[in-house]
Amino acid sequence: ERSPEAPEENPRKKRRSGDVAVVVEHYNARPDVGVAQRQESPIIGLKSFNNWVKSVLITKFAHPAFATSPNGRKGRGMRGRVLDMGCGKGGDLTKWAKANVAELVGLDIAAVSIEQAQARHVSSKGARFTASFFALDCYTRVLSDALPPNLLSTPFDVVSMQFCMHYAFESETKARTMLRNVSTWLRPGGIFIGTIPDAKMLIDQLDALPANSKDLSFGNSVYKIRFEDRENRPIFGHRYWFYLQDAVDDVPEYVVHWDNFVQLASEYGLHPIYKQEFHQVFEEFHEQPEFAPLLQRMHVVDANGESQMDEDQWEAANVYVGFAFE
Ligand code: SAM
């Protein structure tokens, strides 16, 4: 007799593995456009702002972890090892170079993105750090099964998961595998940073929909979120569909219920030290001397200090929160 858990007999499992395929195909299919074309994006202001927020998180929370790193070499300043899980096409490589990283390991389930990240690193003239990239499902496989042992013989100072951790909350097993991968190779006192959709914002908007509405979607011209169910709100596998103009085409994602995440992370020795909505990150840091000029350099504001985001982009930015754990 077949076990009732056999995947082919369990329609829920079938649907779920379909979700991963949608995510992988989506990211593999997105072209890696050059710098010039990137500037042409209709939501370039929002993309630049997201990059600025990531730079703030890296500078404020990740870079300081290099100061106490056993990996930092004498006379070469603060340098450390970083694990970028869900690194995509390597969009954060320059940020890490500026943070004076010594070594970076980038992982992503999308093999095409990994090739592009590798190519981007090789072609970047100023990249004076070692980087290696691997295609890996970080939510179903443990790193030690897939990476060369020498890459794991020294612990990481920082693990970064930008705009990707929510895919792990499809199931408790995946979220646990993800947290195991984050924590096992992070040194004591190391830092885990990330960006995820804000569960409170998502749920508040869902609750604000008219009670008799069959259409469970909300958003604006830039983003759209569509829930499948109003009542059923599981702590894992709480699915919605996400659309972001010129970035994400109706891809399945999962709510990261914050308290549940914190509770689970604590089982892996990870404790929150920062969590803030993107608008709050802006409020907190935009006037600080190290981040104000960066707003202009990263094209979040123009030479006159005018925001490059319209109202809808600014609203879409606040779908996300940034966090740091130790
Ligand atoms: N971190 C990059 C950035 O900030 O530009 C990429 C973010 S992109 C929105 C989300 C990434 O998560 C995609 O590259 C996708 O392939 C990756 N991803 C989704 N599920 C994953 C998994 N199970 N393991 C590793 N990467 C995954």
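No lab work stands behind these numbers, since they all come straight from the coordinates. Note that the structure is a prediction, hence the values are computed from the model and not measured. Methodologically, a virtual Cβ is constructed for each residue, glycine included, from the backbone with ideal geometry; neighbour enumeration extends over all protein chains shown.
Assorted remarks:
- With neighbour counts taken as other beta-carbon atoms within 10 Å, the residues Val101, Val321 rank, fewest first, as Val321, Val101.
- The order of Phe134, Phe49, going from fewest to most other C-beta atoms within 10 Å of their C-beta, is Phe134, Phe49.
- Max mean-square fluctuation residue, GNM over the chain, Cα-Cα springs under 10 Å, options Glu115, Glu290, Glu231: Glu231
- The residue list Phe129, Ala117, Ile191 was ranked by how far each Cα lies along the charge dipole of the chain toward its positive end, using unit charges on Cβ atoms, and Phe129 comes out on top.
- Cβ-Cβ FRET estimate between Glu40 and Glu231, R0 fixed at 25 Å, reported to 0.05: 0.05
- For the chain, projected area of the alpha-carbon convex hull averaged over all directions, nm²: 18.4 nm²
- Exposure proxy for Met298, Met201: other Cβ atoms within 10 Å of each Cβ, ordered fewest to most, give Met201, Met298.
- For the residue pairs Lys125/Lys275; Lys125/Lys224; Lys54/Lys214; Lys60/Lys174; Lys54/Lys224; Lys47/Lys174, alpha carbon separations beyond 32 Å are given by Lys125/Lys275; Lys125/Lys224; Lys54/Lys214.
- Ranking Asn260, Met78, Ser217 by Cα position along the charge dipole of the chain, where only Lys, Arg, Asp and Glu carry charges on their C-beta atoms, puts Met78 farthest toward the positive end.
- Among Ser113, Ser171, Ser153, the largest mean-square fluctuation in a Gaussian network model of the chain (Cα springs under 10 Å) belongs to Ser153.
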